[in-house]
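Structure first, commentary second.
Values quoted throughout were computed directly from the atomic coordinates according to the rules given, and no laboratory measurement underlies them. Since the model is a prediction, treat every value here as computed from it, not as a measurement. Cβ atoms come from the backbone with ideal geometry, glycine included; neighbour counts cover every protein chain shown.
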Amino acid sequence: MQAFRIKFLIEELLEYCEAVGFEVQINKDAWGQVDIQQIRGEVRSVIRQEDAFDSLVDLCYVALGTAYLHRFPFNEGWDRVQAANMQKIRA
C-alpha cells in the first residue's frame, strides 16, 4: 500500500511542477534512497493556473486519503502544525 501511495503523491507533485514550469528529475541511490538530482525551471509570467490548482487539490486529496488509511488523527495534527507555524517569526 505505501509504495502505491508514495507514487501517487509524487505523481501529483510532479504534475504541479510541470504546471508551474519546473522539471524535476528523481533518482534512487544504491540503498533505495530518493535523491532529487535536478530541478530545472523557467520563470513564467503566466503559469497554467487551472492545472496548478488541480494538481494541488489532487495532492491534498491523496495526502488526506493516505492519512485516513493510516488512521492518523489528521485534524488534530493539522491544528498542532498550524499553531506551531503561527508562532514562527518571518525573516
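Under the simplified labelling scheme, the GLN25-ASN85 pair shows an inter-label distance of 3.1 nm, with each label point 7 Å from Cα along Cα→Cβ. From least to most packed, judged by other beta carbons within 10 angstrom and beginning with the fewest, ASP58, ASP79 follow the order ASP79, ASP58. Most tightly packed first, judged by the mean number of other beta-carbon atoms within 10 Å of their residues, the peptides 80-90, 4-14, 63-73 read 4-14, 63-73, 80-90.
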